[in-house]
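A short worksheet on the structure shown next.
The values are calculated or read from the model by the stated rules, or taken from the named source; none is laboratory data. Remember, it's a predicted structure, so these values are computed and weren't measured experimentally. Using ideal geometry, Cβ is built from the backbone for each residue, glycine included, and neighbour counts are taken over all protein chains shown. What goes into the accessible areas is simple: the full protein's heavy atoms, side chains included, and nothing from ligands, DNA or RNA. Shrake-Rupley method; radii C 1.70, N 1.55, O 1.52, S 1.80 Å.
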Amino acid sequence: MSDDRKYWVDTLVQIAQPVLRSLSHRQLAVEMPVEASTGDRSDYTYLEALGRTLAGIAPWLEHGSRSGDEGEVRSQMAMMARQAMEAATDPASPDYMNFTKGGQPVVDAAFLANAVLRAPNELYALLDEDVKKNLITALMATRKIRPVFSNWLLFSAMIEAALSRMGVEQWDCMRVDYALRQHEQWYKGDGAYGDGPAFHWDYYNSFVIQPMLVDILDAVGDQFEDWAALRVNVLERAERYAAVLERMISPEGTYPPLGRSLPYRFGAFQHLSLMALREELPEKLLPAQVRCALTAVMKRQIEMPGTFDEHGWLRIGFAGSQPAIGEAYISTGSLYLCTTVFLALGLSPEADFWQGEAEWTSLKAWSGGTVELDVALYSDF
């Protein structure tokens, strides 16, 4: 295993293990602290922790090593993940989660659904039949929630896409179609979508919008001809946005603290990691330079003092503990969206992504090296 891959695995396990271990023992509500900027988020924080953790760890569980030290750890984490899903969806469990109260559950049920799409064997096929039924029931229960007219439309769509792949005949293609059509209307150009009708300077194109568009269309894009045609455009824009994200990483492994939800930390680079996992990075973007850039970001944020509490739980912050940087909807469970930066762990250790060293764009530019021109999508220049 390359040094970087070992660092990625070790860091992912460090982040995810408290969530999965506690939930597999049906002790999450007892053991996980609920740090929040304002108010009581206990109705939502536990499903946030589960859905987001699994969305990030899923490709590694599905495709990671089956041998050696990594394989042993992966197997243990996969077992805990399935036990966690059982605990979260069993009505008799003390950790049975809220899938219907308030609006927030549709968000994190969608991350849970996304995890199933990313690991259909480890996080669905290997579940006991009763757990499968409970999971489907929980996901379908979120249909009572009307999503906000924003990126939230993709949460309802993601749940339906997963239900389709789980064999539910009554999946609602209209919820998918509505989300896809609206986001096509909200496309602003040069690889970026608005979050609803307006464009916001933040990382929601990476936190939610582009990864979910890609994964939804992967799952059900063959159902209708217009969805298949739309998928071509979505992937072209996804490639451009991956190039933009890579250029936002400074020579020091930092990036602009821009927009809302900054406590999601390096989850801001979910989309770049997803495109690396898919081996669909822009042609002139070397996989190794993306790995080196992402590793630099991880180290800057995860090694900052105050990132974890004394029991290993994440704390609100962008660089260390910064409670004031969290919006009203941020709590401990929210923070686990950071795991989505690890999607590329689904690549084989032999993949180009893990081989060699390469400078990323900003590092080359600020050291006087040769840098490829940055060209806008559909630019004539």
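So the values come out like this:
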| item | result |
| --- | --- |
| Accessible-area order (highest first, 1.4 angstrom probe) of the listed residues 366, 313, 201, 171 | 366, 201, 171, 313 |
| Pair-distance profile P(r), taking every C-alpha pair of the range 243-302, with 10 angstrom steps and integer % | 22, 59, 19, 0 |
| For the chain: relative contact order, % (alpha-carbon pairs under 8 angstrom, 6 or more apart) | 23 |
| The range 72-206, accessible surface, carbon-and-sulfur percent (1.4 angstrom probe) | 52 |
| For the range 207-306, size of Cβ-based charge dipole, Lys and Arg +1, Asp and Glu -1, in debye | 580 |
| Cα-based shape type of the chain, given that a ≥ b ≥ c are square roots of the gyration tensor eigenvalues and the cut on a/c is 1.5 | rounded |
| Per residue, in Å², the accessible surface of the range 178-243 once ligands and nucleic acids are set aside, probe 1.4 Å | 39 |
| Unit charges on C-beta of K, R, D, E only; dipole of the range 1-78, Debye | 180 |
| Selection of trypsin sites (Lys or Arg not before Pro), the range 70-103, meeting DSSP coil and at most 11 other Cβ within 10 Å | 101 |
| Computed over the range 290-343: relative contact order in percent, which uses C-alpha pairs under 8 Å that are six or more apart | 25 |
| Amide H contacts under 5 Å for residue 261, placed H, 5+ residues apart | 327 |
| Length-normalised contact order for the range 119-253 - Cα pairs under 8 Å, 6+ apart - percent | 20 |
| Net charge, residue 111 excluded, C-beta distance under 15 Å - Lys, Arg +1, Asp, Glu -1 | -2 |
| Accessible surface of residue 364 - all protein chains present, 1.4 Å probe, nearest 10 Å² | 50 |
| Debye, to nearest 20: dipole size of the chain, +1 on Lys, Arg Cβ, -1 on Asp, Glu Cβ | 660 |
| Phi-based couplings in Hz for the range 17-33 (Karplus 6.51, -1.76, 1.60; Gly and Pro marked x) | 4, x, 5, 6, 5, 5, 6, 5, 8, 6, 10, 4, 5, 7, 9, 7, x |
| Surface share of carbon and sulfur [accessible, 1.4 angstrom probe, percent] for the range 240-357 | 55 |
| With all protein chains modelled, accessible area of residue 143 [1.4 Å, Å²] | 60 |
| Packing-based order for 153-161, 32-40, using average beta carbon neighbours within 10 Å, highest first | 153-161, 32-40 |
| Whole-Hz ³J(HN,Hα) from phi, Karplus 6.51 cos²θ - 1.76 cosθ + 1.60, for the range 119-130, glycine and proline x | 9, x, 7, 5, 10, 8, 4, 8, 6, 5, 4, 5 |
| Integer Hz, Karplus 6.51/-1.76/1.60 couplings in order for the range 234-248, x for Gly and Pro | 4, 6, 5, 5, 4, 5, 5, 5, 4, 5, 5, 4, 4, 6, 7 |
| Extent along principal axes [Cα atoms of the range 241-381; Å; largest to smallest] | 46, 35, 28 |
